[in-house]
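Following: one structure in structure tokens, then a few remarks.
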Amino acid sequence: MSTPVQAQEGRVPGARTQGAPAGRGRGGRLGLRPGRRRLVVQPLAVLAALGLFALWVATGEITGTASALLTPATVVSLTLEHLELTLVAAVVVLLIGIPLGIFLTRPRTRRLAGPVVLVANFGQAAPAIGLVVLLAIWLGAQFSTAVVALVAYGVLPVLAGTITGLQGVDQRLVEAGRGMGMTTGAVLRRVELPLAVPVMLSGVRTALVLLVGTATLAAFINGGGLGELITTGITLDDTLLLASGAALVALLALLVDWAGRVVEEVARPRGL
Amino acid sequence: MPDSTASAGPLDGHRPDGVSGAAIDLVGVTKSYPGQGGAAVDRISLQIPAGEIVMLVGPSGCGKTTTLKMINRLIEPTSGTITIDGRDVLSLDGDELRRQIGYVIQAGGLFPHMSVATNVGIVPGMLRWEKKRIAERTDELLELVGLDPAKYRDRYPGELSGGQQQRVGVARALAADPPVLLMDEPFGAVDPITRQRLQDELLRIQDELRKTIVCVTHDFDEAVKLGDRIVVLGEGARVVQYDTPAQVLAHPADPFVEDFVGSGAALKALTLTRVGELEALQETTTARVGDAVADVVARARAVGDAAAVVLDDRGRPQRWPWLRQLQAEGDVVLDRVEDVLSVDRRATLNAALDAMLGSRYGGVVVTGKNDVYEGVLFLQTAIDAVATTRGGSGDDGPVPVAGNDEDAARALAGEGAS
């Protein structure tokens, strides 16, 4: 029997390690590298900003409609509405984007990826407000119309993330899997998807943040959400109300972005 | 469906003589891609004997990798037949087939998101082995490839060096004890020193297991070192020469092979010969510690030696002094250890020559078991020996068939039928 090999074989430059960050897996999880520090700082900053906002509202500088709308109860219910819009749209986006992305990276259908991404680009490139209004004219002004508009707007990052993630998987690994007798389905499930997860999740996070922002426009077509504050602010020419709505949407987006980053950290497969 | 305990599948080729490999026959195998002029692989017929390492070498784009991948049907042949252990692989389910053929690619092809143990256990898992059996097998294999299981089984590939990854890659390919191992440029991504070591390890493992190994390389030296036989391929996987490394080096079939062998064919042949095989070992005067110097000198002069090898009480060479050095030391041979240039009889001629060039005597002491003195080898005798081996004989039994024409295909097909 041979003696166990210690670490005497030098690490080879260019050896495929899929960019494993040094130190990861060996107590590295607790060390706060720059990306991790953000995970702590970001929610704290958002909470601090919210606190300041609440304080400002409570000190009673505001009057009239604004003070009626900026009660904790109303803000919370508008926020929940906003999140509902976002999440319903996000679920539909995932249900469309991920399977479509997988489909468009299979060997037989790979060449369709270009055209489909192009179409998805239209959805993204069209001005969101125009899309919302046009759809409202077609489908009527309601919650579901807002969801359709949001889906059209949010599908691209998820689709692109899935395609990029899967295309980024080292083809030799796919072949290694096939060469060992894995079925194509097993290769997808056990090799391609886990390796694509980081890129896919970052696409999902981008989509969520986009959706939180765009969901504001739902208020223009009776879709509800924090956009109500903004539309009311515009109608009443109440700059304070308008600014409050905008600030709350921005804080919500930051919070969703943070949640997305946490999920990315947690869901990243070990060894990557 | 294979049952849950036995690894024995349709390709199980275990034989009583220690050969666990299975013979592979390619008959008139062609791969052509639509829209391309010539075939990537053109009617290749190749007989690969069980338990041997056969190296496919050739310039890039010659179809060697395509040929390899058709054996496990990662690439489906356009026409022709491939049999492993007499069974037509084209009639088997592709995925089932591949689970019974080890496959090693460059840099190991390990899945970075799976631990070493998970990587190694993939194929047994697909064959529905029990967890405990998979764990035992994994440890056994890590041991076999020289990695301490306790230390490495839970590591991730990103935490291993290139050489270690490659070892795990070999362990993974051997997991379900397949009779056939296919290797595609397995050691291409590691540094030369690690590559040497991995090659030595592979030869050691092969000594133990006697699998049938088909290995693609573009490195002719690697082919010479690892191969029992070498297939030199030209454009369209044309078999230019199929022979033992010694024969390819000594008698390249045509200028193409000659070119491919490169300069220094004779030097490369040196790595094929072991010192012990040479029959060119010479006796020289030996002395034991405590012998009378006058005696030793007289014996040496009588046979014309100018130096004598001093052996210790267990017959191991201690030093190799000139006679006048001995005389200067006194009346009896002293117990003194000096650096004596010696090589083991299993060393390659290449290593022996390397030692000789650094020797004052133009020769080295050759030792056998337990480092016991066996004789000396001088430069001139080594050179003479090389000259005679160059004539070399292919005494490896019946020569396997290879070619790209009807004759080769018929020869193979006829044999398969009998």
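The values are calculated or read from the model by the stated rules, or taken from the named source; none is laboratory data. Since the structure is predicted, the reported quantities are computational estimates derived from the model, not experimental observations. We place every Cβ from the backbone using ideal geometry, glycine too, and count neighbours over all the protein chains shown.
Conditions tested, residue by residue: (1) within 11 Å of chain A (Cβ to nearest Cβ); (2) crowded, with 19+ Cβ neighbours inside 10 Å; (3) closer than 27 Å to B:ASP85 by Cα.
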position: B:LEU160; (1), (2), (3): yes, yes, no
position: B:GLN166; (1), (2), (3): yes, yes, no
position: B:ALA175; (1), (2), (3): yes, yes, yes
position: B:ASP191; (1), (2), (3): yes, no, no
position: B:LEU203; (1), (2), (3): no, no, yes
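Is there a residue in the range B:215-222 that is hydroxyl-bearing (Ser, Thr, Tyr), under 24 Å from B:VAL366 (Cβ atoms) and in contact (Cβ under 8 Å) with a residue 40 or more places away in the chain? I'd like the intermediate steps shown before the answer.
We begin by selecting, within the range B:215-222, every residue hydroxyl-bearing (Ser, Thr, Tyr); these are B:217.
Filter again for under 24 Å from B:VAL366 (Cβ atoms), leaving none.
Scanning the range B:215-222 turns up no residue that is hydroxyl-bearing (Ser, Thr, Tyr), under 24 Å from B:VAL366 (Cβ atoms) and in contact (Cβ under 8 Å) with a residue 40 or more places away in the chain.
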_With the structure loaded, tell me whether B:THR217 is within 12 Å of chain A (Cβ to nearest Cβ) and hydroxyl-bearing (Ser, Thr, Tyr) or whether it fails that test._
no
*Kindly provide the set of residues from the range A:143-202 that are out of contact with any strand residue (DSSP E or B) (no Cβ under 7 Å at 6 or more places or on another chain), within 8 Å of chain B (Cβ to nearest Cβ) and outside any helix (DSSP H, G or I), ordered by number.*
A:GLY181, A:MET182, A:THR183
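Looking at the structure I just gave you, is A:THR206 closer than 30 Å to A:THR105 by Cβ, polar (S, T, N, Q) and crowded, with 20+ Cβ neighbours inside 10 Å?
No, not satisfied.
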*Every pair of residues 6+ apart whose Cβ atoms lie under 7 Å, when the first sits in the range B:67-82 and is within 12 Å of chain A (Cβ to nearest Cβ) and at positive phi while the second is part of a helix (DSSP H, G or I) and surrounded by fewer than 20 Cβ atoms within 10 Å (Cβ to Cβ)*: B:ARG73/B:GLY94
*Take the residues in the range B:346-383 that are assigned to a loop (DSSP other than H, G, I, E, B) and modelled with pLDDT under 80, then tell me which one is surrounded by the most Cβ atoms within 10 Å (Cβ to Cβ).*
B:ALA347
*Has the range A:242-264 got at least one residue that is in contact with a Pro (Cβ under 6 Å, 6 or more places away or on another chain) and modelled with pLDDT under 95?*
yes
*Which strands (runs of 3 or more DSSP E) sit wholly inside the range B:214-317 and have at least 1 residues that are touching a strand residue (DSSP E or B) at 6+ places or on another chain (Cβ under 8 Å) and within 29 Å of B:VAL170 (Cβ to Cβ)?*
B:229-234, B:238-243
*Restricting the search to the range A:178-190, which residues are closer than 17 Å to B:GLN106 by Cβ and touching a Leu at 6+ places or on another chain (Cβ under 9 Å)?*
A:ARG178, A:GLY179
*Taking the range B:146-191, which residues are polar (S, T, N, Q) and in a helix (DSSP H, G or I)?*
B:GLN164, B:GLN165, B:GLN166
*Could you please find all residues in the range B:85-116 being assigned to a strand (DSSP E or B), farther than 18 Å from A:GLN171 by Cβ and within 14 Å of another protein chain (Cβ to nearest Cβ)?*
B:ILE101, B:GLY102
